[in-house]
Amino acid sequence: MTRHFNLFMVPALAVLAFVFAIPILLLFAVSFWSVKNFRLQPDFSFAAWQRFLTVYGDLTLYTLLVGLLVGLLCTALGFVFAYAARFKAGRFGDLLLVATLITLFGGYLVKIYAWKSILGADGLLNQALMWLGLTDEPLAFLIYSRGAVVVALVHFLLPFAILPIYASLRNVSEATIEAARDLGASGAQVITRIVIPQTLPGLFSAFAFCFLLAAGDYVTPMLLGGTSGSMLGQFVLLEFSTNFNWPAGSALSFGLLFACLVLIAALAALGGRMMRRPAGAVS
Amino acid sequence: MTSATAPLLKLSGVSKSFGPVTAVAPLDLDVAAGDFCAILGPSGCGKSTLLRMIAGFIEPSAGKIAIAGQDVTRLGPEKRPTNMVFQSYGLFPHLTVAENVAFGLALQKRPRAEIAERTQEALRLVRLETFGERSIDRLSGGQQQRVALARALIMRPKVLLLDEPLAALDLKLRHQMQEELRRIHQEIGGTFIFVTHDQSEAFALANLVAVMNEGKVEQIGSPDRIYLHPATLFVADFVGETTILAGERRKGRVRLKAGLEFDSKGADGPVRVVVRPERVEVRFGGIPAVVTDAVFFGSSLKVSLKLPSGEMLILRSSDANAGEHFRPGANVNVGWDAKDQQVIDAP
């Protein structure tokens, strides 16, 4: 049995090794190489990692913060939407879900340009504000700012939060909710003590998706972030292309990857402890 | 009703419609403290809707529900002195057995010691003392049922509601849980109302049975009254094995198609006579009948008889050796006492 099972796994493992593990390990090795006369050569140098920590330390922290913020906002909004679709929308619940799926087909750049035309100097929002007389001249901070990046990322990533949360809400039976109400729970207590504890895995994967995608993004900050809203991903691109500093680009991407993994692992450990000692326990 | 004390639960003119569909027609129901009441009926008869109205999950379209003199018609389930055991149990999968049972008391922010003590007491009542730390998915169906029961009982509800509590259990476990429910009801002396489609379950547990059909209460009464004196043809047919014979009443005398005549007061018109199988016996000078089938059940013998009118009559004999008298094709004469028959005006 086991022997056959192993044999069947060989093709999958081979694909995984060749298209994923080996390239990643190669790229990781490159972060210890050096560049001389625009030529990449094998080496064992920590120069690229030093550059990552000294030059890009603050930006890495800021990038993680943006990721955290976007992840939390998406998870919270996604929960509200998925909860409504699951428990309040009746037979329209599935329709709402299809609607969120359709927005995924809309494409990523289209959404960014949509926000550009809303937030821009002569965009919809500024025109509306001026028409209402709330401001005399266009507000410049609406676009090319950290806020614009967060708004666009939340908008783009929200479906990635809604889907896993909805999937885990589907497994929450109505009977548990009715039983909690019958035992005296208020609407808020039903959500905090019955629904959320049963939805933790979905909430966690929603957060992980959105956090990782947001922290790794470089197109949105490039087009909407201006100078203040830059994120680390843009500089990975810069090091690889303009600077032709592959070791630095590699160190930056792996540095961000490790930082994200540490953060996710910490949250998973926290979530695991919450699962073991849930909110509904004797308080 | 000239009961000295006011009923604990009083439903007056309670009804529920969903749009044009009447789920529960206006009904009155009085349940006294200490009663074990069964709401019996086929699926879709509105019995669960009625129970959920008492629990507060469904607001009645009309009528009034009072518990211990207090009008609770407009109160939600969290504000009513009732607790419910759900058909699918609705146990909280993320909590242990003890945490499930303690949930209601924890919400009330009772002292830790009191919660622990009452949890243990409730678990002892359902004989799960040693299961407190288990997780829900490591329990059998019967054990989950007990946890659901303990979780409701710990709240000391004025009225405990059970929605088809035993439907998900296999036959042996169901009988065992029936015994448990009887024991618990006697031990705590509470008031229980349960919904069931199984008449033997209703009779085994309840001292008060309400039979429902198509949203209407057909009859409310003690089990023996409902069994021996069914008020309607539906009750007669739904509750237990029965034979229903057609006949006609003229000037206070009923003549059955099967060939029997007797006095019976009432309006002229078609009637039906209901006879329970165990009241039918072989009788000299009775109605001639032909045995079509005889099935041996161990403790009794069930005999199907064909009457001259073509109608079928069932006879149940507790004499298990009577089989040789009832070979298929044999001719026998059968009858019953007039007090054991119920005459119902045909619709």
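Here B:PHE296 passes the criteria (1) in contact with a Phe, Trp or Tyr (Cβ under 9 Å, 6 or more places away or on another chain); (2) without any contact (Cβ under 8 Å) to a residue 60 or more places away in the chain except the one numbered (1). Give segment B:83-112 a look and list any residue that's within 20 Å of B:LEU162 (Cα to Cα), of a type in the set (S, T, N, Q) and over 27 Å from the mean Cα position of the chain (by Cα), or say none. Correct list: B:ASN100 only.
Considering segment A:169-185 alone, what residues qualify as being outside any helix (DSSP H, G or I) and facing another protein chain (nearest Cβ under 7 Å)?
Our first condition is that a residue be outside any helix (DSSP H, G or I); within segment A:169-185, this holds for A:171-173, A:183-185.
If the condition is that a residue be outside any helix (DSSP H, G or I) and facing another protein chain (nearest Cβ under 7 Å), then A:SER173, A:LEU183, A:GLY184, A:ALA185 are the ones that fit.
Quick one: which residue in A:ALA179, A:ALA152, A:ALA148 is free of Cβ contacts under 8 Å to residues at least 60 places away in the same chain and of a type in the set (Gly, Ala, Ser)? Among A:ALA179, A:ALA152, A:ALA148, only A:ALA179 is free of Cβ contacts under 8 Å to residues at least 60 places away in the same chain and of a type in the set (Gly, Ala, Ser). Of all the numbered requirements in (1) away from chain A (no Cβ under 11 Å); (2) touching a strand residue (DSSP E or B) at 6+ places or on another chain (Cβ under 6 Å); (3) surrounded by 15 or more Cβ atoms within 10 Å (Cβ to Cβ); (4) not small (Gly, Ala, Ser), B:GLU133 misses one, and that requirement is (3). Scan segment B:62-93 residue by residue and report those that are away from chain A (no Cβ under 11 Å) and in contact (Cβ under 8 Å) with a residue 24 or more places away in the chain. Scanning segment B:62-93 gives B:ALA62, B:GLY63, B:LYS64, B:ILE65, B:ALA66, B:ILE67, B:ALA68, B:GLY69. Specify the residue that is surrounded by the most Cβ atoms within 10 Å (Cβ to Cβ); the eligible residues are those in segment A:128-171 that are β-branched (Val, Ile, Thr) and more than 18 Å from the chain's Cα centre (by Cα). Out of the qualifying residues, it is A:ILE143. Pick from segment B:94-115 the residues that are of a type in the set (A, V, I, L, M, F, W, C) and in contact (Cβ under 8 Å) with a residue 12 or more places away in the chain: which of them is farthest from the other protein chains (Cβ to nearest Cβ)? Out of the qualifying residues, it is B:VAL97. Condition check: small (Gly, Ala, Ser) and in a strand (DSSP E or B). Does B:SER299 satisfy that? No: the conditions fail for B:SER299. Of everything in segment B:9-43 that is among the charged types (D, E, K, R) and out of contact with any Lys or Arg (no Cβ under 7 Å at 6 or more places or on another chain), the residue that is surrounded by the fewest Cβ atoms within 10 Å (Cβ to Cβ) is B:ASP28.
Of the residues making up segment A:217-238, none is within 29 Å of B:THR119 (Cα to Cα), part of a helix (DSSP H, G or I), away from chain B (no Cβ under 13 Å) and not hydroxyl-bearing (Ser, Thr, Tyr).
Of the residues making up segment B:116-130, those that are part of a helix (DSSP H, G or I) and either under 33 Å from the mean Cα position of the chain (by Cα) or more than 8 Å from chain A (Cβ to nearest Cβ) (or both) are B:GLU117, B:ARG118, B:THR119, B:GLN120, B:GLU121, B:ALA122, B:LEU123, B:ARG124, B:LEU125, B:GLU129, B:THR130.
Being free of Cβ contacts under 8 Å to residues at least 12 places away in the same chain, within 13 Å of chain B (Cβ to nearest Cβ), surrounded by 20 or more Cβ atoms within 10 Å (Cβ to Cβ) and in a helix (DSSP H, G or I): is that true of A:ALA188 here? Don't jump to the end; show me each part of the working.
Working: free of Cβ contacts under 8 Å to residues at least 12 places away in the same chain: yes; within 13 Å of chain B (Cβ to nearest Cβ): yes; surrounded by 20 or more Cβ atoms within 10 Å (Cβ to Cβ): no; in a helix (DSSP H, G or I): yes.
For A:ALA188, the condition - free of Cβ contacts under 8 Å to residues at least 12 places away in the same chain, within 13 Å of chain B (Cβ to nearest Cβ), surrounded by 20 or more Cβ atoms within 10 Å (Cβ to Cβ) and in a helix (DSSP H, G or I) - is not met.
Each value in this text was obtained by applying a stated rule to the coordinates, not by laboratory testing. Keep in mind the model is a prediction, meaning the values are calculated, not measured. So basically every Cβ, Gly included, is an ideal-geometry build from the backbone, and we count neighbours across all protein chains shown.
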